[in-house]
Amino acid sequence: MSMGYLVGESAPVVWRGPMVMKAIQQLLHEVDWGGLDILVLDLPPGTGDTQLTITQQVILDGSVIITTPHTLATKDAVKGINMFKTVGVNILGMVQNMSLFNCPHCHQDTHVFGSNKRVEKLCQDHEIQFLGDIPLHPNIGDDGERGKPTVVAEPSSERASAFLDIAKAICPKIDLKEHEHHNH
């Protein structure tokens, strides 16, 4: 489910305050999520109305900070870390997204957004566990567009392993045992 489904396909979501709160309430309380072990909320970067509303409306088991190694992205991640700490939300760890690209022709890894050291240092500085890397790969987006996440569409791929390893690291932090998972 996406906030994008609530507006026209090319319409920007330029909501503030009460409109954001109403949309979030609808998404959280009026969507039939079925039986869930975990509900993942993919939030925009920053510390605005969306993030604050969710921390006020939902009892969160924790947050996972996701960032690319790019300098500006890590600065936004620090703001998110500080906001979640300020409002008392446990930070479960950090994931580095688009950490590297493996060329399909020469098979060499390239750090498209800069050195991974920046994210490692961020984790050390803020005493946050590093949960793993998600590589930059076109199939991740394509799989999602087809309605099947990579772990379902290509379960034996290195990309799927990256997601599963991250999930395995998070589960004990929220008292969810691995065998409790019903589906991938």
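Given the options His126, His29, His70, which has the most mean-square fluctuation in a GNM of the chain, springs set between C-alpha atoms less than 10 angstrom apart?
Largest GNM mean-square fluctuation: His29.
Given charges of +1 on the Cβ of Lys and Arg and -1 on the Cβ of Asp and Glu, with all other atoms neutral, how large is the dipole of region 106-147 about its Cα centre, in debye to the nearest 20? Before the final figure, lay out the partial values.
Values: 4 positive and 8 negative charges, 30 e Å.
With Lys and Arg at +1 and Asp and Glu at -1, about 140 debye.
Given only helices, namely DSSP H runs of n ≥ 4 each adding -39500 (n - 2.57), what is the per-residue ellipticity at 222 nm of the chain, to the nearest 500 deg cm²/dmol?
On the way: 7 runs with 73 residues, N = 184.
Rounded to the nearest 500, it is -12000 deg cm²/dmol.
Around Thr53, with a cut-off of 14 angstrom between Cβ atoms, what is the net charge of the other residues, counting Lys and Arg +1 and Asp and Glu -1? Don't jump to the answer; show the numbers that get you there.
Details: positive: Arg16, Lys22; negative: Asp49.
Residues near Thr53 contribute +1 overall.
Quick one: which residues, 5+ away or cross-chain, put their amide H under 5 Å from the amide H of Asn97? H built at 1.01 Å from N.
So Asn97 has HN proximity to Thr67, Thr68, Ile134.
Lysines within cross-link reach of Lys75: Cα-Cα under 28 Å, excluding same-chain residues under 8 positions apart?
Answer for Lys75, where 28 Å is the Cα cut-off: Lys85, Lys117, Lys121, Lys168, Lys173, listed by chain and number.
At 0.36 nm per residue, and after removing the present C-alpha to C-alpha distance, how many nm does the segment from Leu28 to Arg146 gain when stretched out fully?
Stretched out fully, the Leu28 to Arg146 stretch lengthens by 40.1 nm.
What list of ³J(HN,Hα) couplings, whole Hz, do you get for region 70-80 from phi and the Karplus terms 6.51, -1.76, 1.60, once you set θ to phi - 60° and write x for glycine and proline?
Taking θ as phi minus 60°, the curve returns 5, 3, 5, 5, 5, 5, 5, 4, 4, 4, x Hz for region 70-80.
Treating only the Cβ atoms of Lys and Arg (+1) and Asp and Glu (-1) as charged, compute the dipole magnitude of the chain about its Cα centre; round to the nearest 20 debye. Display every interim value, and only then the final one.
Details: 14 positive and 22 negative charges, 116 e Å.
About 560 debye.
In whole Hz, what ³J(HN,Hα) sequence does region 83-96 give by Karplus (6.51, -1.76, 1.60; θ = phi - 60°), x for Gly and Pro?
3J(HN,Hα) across region 83-96, in whole Hz: 5, 5, 5, 4, 8, x, 8, 5, 9, 6, x, 10, 10, 9.
GNM on the chain, C-alpha springs below 10 Å: top fluctuator among Ala153, Ala169, Ala11?
Fluctuation is largest for Ala11.
Taking neighbour Cβ counts within 10 Å as the exposure measure, how do Asp42, Asp76 sort from fewest upward? Walk me through the numbers before you get to the answer.
Numbers: Asp42 7, Asp76 17.
Sorted ascending by nearby Cβ count, the order is Asp42, Asp76.
Listing Lys173, Lys75 from the residue with the fewest other Cβ atoms within 10 Å to the one with the most, what is the order? The partial results should precede the final answer.
Details: Lys173 16, Lys75 12.
So the residues, fewest neighbours to most, are Lys75, Lys173.
Per 0.36 nm of contour for each residue apart, how much would the distance between Phe130 and Ser10 grow if the chain were fully extended, relative to their Cα-Cα spacing? Mind showing how you got there, number by number?
On the way: separation 120, 0.36 × 120 = 43.20 nm, distance 3.58 nm.
Going from the current span to full extension adds 39.6 nm.
Run the dipole for region 69-132 about the Cα centre, Lys and Arg Cβ at +1, Asp and Glu Cβ at -1, nothing else charged, and hand back the magnitude in debye, nearest 20.
Details: 6 positive and 5 negative charges, 34 e Å.
Dipole size: approximately 160 debye.
Quick note: the coordinates plus some simple rules give every number you see, no bench work behind them. Treat the numbers as computed from the prediction; the structure is a model and nothing was measured. Ideal geometry is used to build each Cβ from the backbone, glycine not excepted, and the neighbour counts take in all protein chains shown.
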